[in-house]
Structure formats: C-alpha cells, structure tokens
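Encoded as structure tokens, the structure appears first; notes follow it.
The values are calculated or read from the model by the stated rules, or taken from the named source; none is laboratory data. This structure is a prediction, so every number in the text was calculated from the model and none was measured. Every residue, glycine among them, receives a Cβ derived from its backbone with ideal geometry; neighbour counts consider all protein chains shown.
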Amino acid sequence: MSKSESGEIPKGSGSVVQHIVYRVPKRNHDSMLRLCKEASGMFRENGGLSHEVFQLSNTDVPLGGFASIANIISADKDEEVWMELLHFKDRQHMKEVIAKMEKDEWCERSYKQSLDLLTPGAVFILGEFDRLTG
C-alpha cells in the first residue's frame, strides 16, 4: 500500500497549501511564466516546501452538477486561467515563510509586476487549505 493509499501525508508535501487562481491575458503568458519561475526559486529560498504553477487546459465539463472554473471566474477567449499551489509544513511554517517574503524587496517588486500582468480589473483569488487525506 502506498503512503497516499494509507492516508499518510507524503514526505515533503506539507499539510497546508495556498491556492492562488487568476486570469492572465494570453499576450502576457511568457512574462508571467518567467516571473512565476523566479518566484518559485524565491519561495524555496525563503523556506517554502514547493511552488507549482498550472494553466487550465480544458474547460469542458462532462458531468452534471459541475461548472467550469473558467466560467466561474469569467475568463474569456483571450485569457488563460492559472493556478499556483504553495506548500507549507503547517500554519506556523506558512506564517514564517510569508513573514520572510514580506521583508524581501524582490518579492515586493515581483508582486507589483504580477499585478500589472493580470487581466485589467482581475485579482488574485487566494485560499488556504488544510490537508485532509494523503
């Protein structure tokens, strides 16, 4: 039985994950990707476990009772929906990493740059999730 099947948390994945969902104009794809790659290294340098970036690849919803995230956040055909996952050991670890990042000048500059790359009027949608299963 694997660790995920047994319900144990895989080593290094942490118990708290921040999800950040946002819209990016297709024309800003390369600039945002470059910024996210830099942010991933900075996140780990400040003690974070892992930082992953995803782009929505399919908006078809084949089952009743489900809705496409692209429709929920009002993405149009000229936009991409992105999601970042930031992994932490626990809530205390998250607070410590965020405190370090708030003092980092590069973080402040990159945050401002990322805001400029979002779809005009869009915001970062943030949620903090506690792991329930492996």
Exercise for the section: Mind listing whichever residues of the stretch 100-116 are touching a residue at least 12 places away in the same chain (Cβ under 8 Å) and either among the acidic types (D, E) or more than 15 Å from I20 (Cα to Cα) (or both)? Expected result: K100, M101, D104, W106, C107, S110, Q113
Exercise for the section: Assess whether S50 counts as being crowded, with 17+ Cβ neighbours inside 10 Å, among the small types (G, A, S) and under 20 Å from F129 (Cβ atoms). Expected result: no
Problem - Residue check for M101: surrounded by 14 or more Cβ atoms within 10 Å (Cβ to Cβ), at pLDDT below 95 and more than 21 Å from P120 (Cα to Cα) - result: yes
Problem - Single unsatisfied condition, G48 versus (1) without any contact (Cβ under 8 Å) to a residue 40 or more places away in the chain; (2) not in a strand (DSSP E or B); (3) not basic (K, R) - result: (1)
Exercise for the section: Output the qualifying pairs, or none if there are none: Cβ atoms under 7 angstrom, residues six or more apart or on different chains, first residue in the stretch 53-64 and closer than 25 Å to K37 by Cα and without any contact (Cβ under 8 Å) to a residue 24 or more places away in the chain, second residue surrounded by fewer than 12 Cβ atoms within 10 Å (Cβ to Cβ) and among the β-branched types (V, I, T). Expected result: none
Completion exercise
Considering the stretch 16-40, residues that are over 14 Å from the mean Cα position of the chain (by Cα), surrounded by fewer than 16 Cβ atoms within 10 Å (Cβ to Cβ) and of a type outside the set (D, E, K, R), and then whichever is farthest from E105 (Cα to Cα), we arrive at H29
Practice task
Could you tell me which numbered condition H93 fails, if it satisfies all but one of (1) surrounded by 12 or more Cβ atoms within 10 Å (Cβ to Cβ); (2) within 20 Å of V21 (Cβ to Cβ); (3) more than 14 Å from the chain's Cα centre (by Cα)?
Solution key: (2)
Problem - Breaking point among (1) exposed (fewer than 12 other Cβ atoms within 10 Å of the Cβ); (2) small (G, A, S); (3) at pLDDT 95 or above, for G7 - result: (3)
